[in-house]
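Asker: So that we are looking at the same thing, I have put the structure below in structure tokens.
The values are calculated or read from the model by the stated rules, or taken from the named source; none is laboratory data. Just so it is clear, the model here is predicted, and its values are computed rather than measured. Cβ atoms come from the backbone with ideal geometry, glycine included; neighbour counts cover every protein chain shown.
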Amino acid sequence: MNFLFASDSFKGSLSSAKTAELLECAAKEVFPDCSCSSVPMADGGEGTAEAVILAAGGKWVPVTVRGPLGEPVEAGYGLLPGGSAIIEMASASGLVLVDPALRDPRNTSTFGTGELIAAALKAGCKDVTIAIGGSATNDGGMGCASALGVRFYDASGNLLTGRGDDLARVANIDVSGLLAGAKAARFTVMSDVDNPLLGPDGATFTFGPQKGAVPQIRDELEAGMENYAAVLKRDLGADTDFPGAGAAGGLGAALKIFLNADMRSGAEAVLDLAGFDALLEQADVVVTGEGRIDWQSAHGKVVSAVAKRCKKAGKPCVALVGGMGERADEMLSLVDSIVPTVQGPCRLEFAMEHAEELYASAALRTFRLLRIRHE
């Protein structure tokens, strides 16, 4: 048997590389003579830079930037062969950097992500990929653009810093100060979502609550985002109605509008960098997975990207997941089976604290079932 492992990380508990290690251990116990291959996976969120660096053979370049609330944060970018760069916005503007008690997307900014882009450009990178999952922000990408030289002004001509709270205040946009290096470089956005900027499926309503946007805050931010979109259209002729514009609280829109970035599924990009299709040709069974599978998993997440390629190639695909959420069964149209790691009702804290042993047990059960099929 030839197995191929391509699982996302289980955020806060297991890395993509660790899942591959546990899967191989279980596979060898059940199929002693099996062959195992793995690719580091991510979908544009936390762990994407690490996965790409491993797949492409790059190195990490540390950079100190402003965090979501303006505090100094030790972040960085991946320098890849050929002088291209991979940036993970979560390392500079991620939700994990904000204490739960302080989460309010009116106060957070993507400025630090812009500083990372500027650092890569100043280092001579001409091809920059930005992974934009896991954000703490809902600023429409104003902070990021500000760090790159774009200027946002209120009706009185005051310069805005680019927080979520500034969306409603922006009255004029000046792009004349955009870094020269940004005009000459090629940008690609890796995102795990295809949400628009505005509306019930947009940045604020879909992702705002997890960032601290209670209903009143959410409504304020949506009104601000509508104002921001109107000014972008008036001053720059920019259309914000495209898939992925709402990613990372509107950072997707800013990167496309100000940097002319190409929008791409993060998981698809990593699969290509890792040479997944060539490995898939030799595989008998593929095991993928993520911390929680639900209806959103079909929209650009690792599991759906892997499963679609398996389906096209006629290869069986199993999803080993931490838990199953709302309408998770819809994913059975893509994967052949879903195996949760939890063994009964438990608190999330317990599942995360015991993630490794629960995953190892589920992996062993999975391969024992596969042995029955093989026999």
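Asker: Taking Glu268, is it buried (at least 17 other Cβ atoms within 10 Å of the Cβ), closer than 24 Å to Thr129 by Cβ, among the charged types (D, E, K, R) and at pLDDT below 90? Quick ask: steps written out before the conclusion?
Answerer: Details: buried (at least 17 other Cβ atoms within 10 Å of the Cβ): yes; closer than 24 Å to Thr129 by Cβ: yes; among the charged types (D, E, K, R): yes; at pLDDT below 90: yes.
In short, yes.
Asker: So, one more: Show me the strands (runs of 3 or more DSSP E) found entirely inside the stretch 281-375 where at least 3 residues are in contact with a strand residue (DSSP E or B) (Cβ under 8 Å, 6 or more places away or on another chain) and of a type in the set (Lys, Arg).
Answerer: Working: elements: 285-289, 317-321, 337-340.
Fully inside the stretch 281-375 and qualifying: nothing.
Asker: Out of the residues in the stretch 49-72 that are closer than 22 Å to Gly208 by Cβ and in contact with a Leu (Cβ under 8 Å, 6 or more places away or on another chain), state the one that is surrounded by the most Cβ atoms within 10 Å (Cβ to Cβ).
Answerer: Pro68
Asker: Only residues that are more than 22 Å from the chain's Cα centre (by Cα), exposed (fewer than 14 other Cβ atoms within 10 Å of the Cβ) and in contact (Cβ under 8 Å) with a residue 40 or more places away in the chain: list them for the stretch 173-220, please.
Answerer: Within the stretch 173-220, just Ala184 meets the criteria.
Asker: While we're looking at this one, here's another question. Which one of these is modelled with pLDDT of 95 or more and of a type in the set (A, V, I, L, M, F, W, C): Leu54, Leu22? Spell out how you get there, then give the answer.
Answerer: Details: Leu54 fails: modelled with pLDDT of 95 or more.
So the residue among Leu54, Leu22 that is modelled with pLDDT of 95 or more and of a type in the set (A, V, I, L, M, F, W, C) is Leu22.
Asker: For the stretch 287-323, what are the residues that are farther than 21 Å from Gly44 by Cα and not charged (D, E, K, R)? Working first, answer last.
Answerer: Of the residues in the stretch 287-323, the ones farther than 21 Å from Gly44 by Cα are 311-318.
Within the stretch 287-323, Ala313, Gly314, Pro316, Cys317, Val318 meet the criteria.
Asker: For the list (1) without any contact (Cβ under 8 Å) to a residue 60 or more places away in the chain; (2) in a helix (DSSP H, G or I); (3) in contact with an Asp or Glu (Cβ under 8 Å, 6 or more places away or on another chain), I need the number of the one condition that Cys36 fails.
Answerer: Condition not satisfied by Cys36: (2).
Asker: Under the condition of being hydrophobic (A, V, I, L, M, F, W, C) and part of a strand (DSSP E or B), which residue from the stretch 59-78 is farthest from Gly112 (Cα to Cα)?
Answerer: Taking the stretch 59-78 and keeping what is hydrophobic (A, V, I, L, M, F, W, C), we get 60-61, 63, 65, 69, 73, 75.
Next, only the ones that are part of a strand (DSSP E or B) stay: 60-61, 63, 65, 73, 75.
Details: Trp60: 17, Val61: 15, Val63: 10, Val65: 5, Val73: 8, Ala75: 9 Å.
Only one residue tops the list, namely Trp60.
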